[in-house]
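Student: Have a look at the structure that comes next, please.
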Amino acid sequence: MKKSDLPDGFPHRQYFLKGYLHAFMVPRFISRVDAYPSSQNRSTTHGWQVRYRGKNKFFNDRHYGVGRLGSPTKSLQAAIDHLCGVYQGPNVRIRDTNNANKGNQDLDVGLRMEWRSRAGRNFRELSVIASSPDRKLASPRVYVGTEATVTQERINEAIEIARGIRSELVKKHREKLQQQGYN
């Protein structure tokens with residue numbers, strides 16, 4: 001198989017086809033289609049289908065190889081070649097505009113203000129949270145103050161600090177994605 005055109009670490013799975021002793025290494029976005037005759041339809045269909053970003057293309061075993069059954073190996077190779085031609089890399093979804101349905105239109109993307117009450121205390125604290133694009137990391141908080149100590153000046157300072165933290169988190173996340181082969 002010609003896997004060198006796909007990025008390193010591109011996910012593959014083993015597929016065992018009836019009648020073959022070896023397993024096929026099938027990349028993501030390629031599926032096997034085996035339709036057998038039914039009472040209404042007497043024809044059979046065997047091949048590989050590339051399903052990538054809403055555009056499907058079928059590679060019939062009969063068109064590749066010799067004989068009535070064709071060659072699943074050659075049709076899979078043709079499907080992999082087609083996938084290499086249309087693959088644009090994974091879709092990186094880092095939001096750069098505010099969601100119109102959310103209530104925090106005043107803050108930048110990835111920032112939010114949160115009041116919270118801690119157990120055993122009779123006052124609330126305000127924090128500005130910089131959301132991490134990497135879901136595995138905790139989102140850092142920038143403390144603003146309590147209900148009695150919050151001022152607009154302190155809120156503005158906390159927002160500026162949170163903007164810097166968010167931009168660093170996005171920068172590190174994009175660098176990590178580029179190392180993994182994302183665009």
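The values are calculated or read from the model by the stated rules, or taken from the named source; none is laboratory data. Predicted, not measured: the structure shown is a model, and the values here were computed from it. Cβ atoms come from the backbone with ideal geometry, glycine included; neighbour counts cover every protein chain shown. SASA here: full protein model, heavy atoms, side chains in, ligands and nucleic acids out. Shrake-Rupley method; radii C 1.70, N 1.55, O 1.52, S 1.80 Å.
Student: All but one of (1) surrounded by fewer than 16 Cβ atoms within 10 Å (Cβ to Cβ); (2) assigned to a helix (DSSP H, G or I); (3) in contact (Cβ under 8 Å) with a residue 40 or more places away in the chain hold for Q77; which doesn't?
Tutor: (1)
Student: A further question follows. Of all residues in the stretch 57-87, which are touching a strand residue (DSSP E or B) at 6+ places or on another chain (Cβ under 6 Å) and of a type outside the set (A, V, I, L, M)?
Tutor: K57, F58, F59, N60, D61, S75, H82
Student: I need a count of the residues in the stretch 30-54 that are in contact with a helix residue (DSSP H, G or I) (Cβ under 9 Å, 6 or more places away or on another chain), of a type in the set (K, R) and under 16 Å from A78 (Cα atoms).
Tutor: So the count comes out to 1.
Rundown of residues vs (1) modelled with pLDDT of 90 or more; (2) open to solvent by less than 60 Å² (accessible area, probe 1.4 Å); (3) closer than 30 Å to D5 by Cβ, yes/no style:
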position	(1), (2), (3)
V109	no, yes, no
R116	yes, no, no
Q152	yes, no, no
I159	yes, yes, no
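Student: For the stretch 118-150, what are the residues that are of a type in the set (A, V, I, L, M, F, W, C) and surrounded by 11 or more Cβ atoms within 10 Å (Cβ to Cβ)?
Tutor: Within the stretch 118-150, L126, V128, I129, A130, L137, V142, V144, V150 meet the criteria.
Student: Show the residue pairs meeting these rules: Cβ distance below 6 Å; 6+ apart or different chains; first residue within the stretch 45-74 and closer than 16 Å to M25 by Cα; second residue of a type in the set (V, I, T).
Tutor: G47/V33; W48/I30; Q49/V33; V50/I30
Student: Here is a further query. Failed condition for A138, given (1) closer than 23 Å to R93 by Cα; (2) in contact (Cβ under 8 Å) with a residue 12 or more places away in the chain, with all others met?
Tutor: Failed condition: (2).
Student: Can you tell me which residue is farthest from the chain's Cα centre (by Cα) among those in the stretch 16-40 that are open to solvent by 70 Å² or more (accessible area, probe 1.4 Å) and hydroxyl-bearing (S, T, Y)?
Tutor: S39
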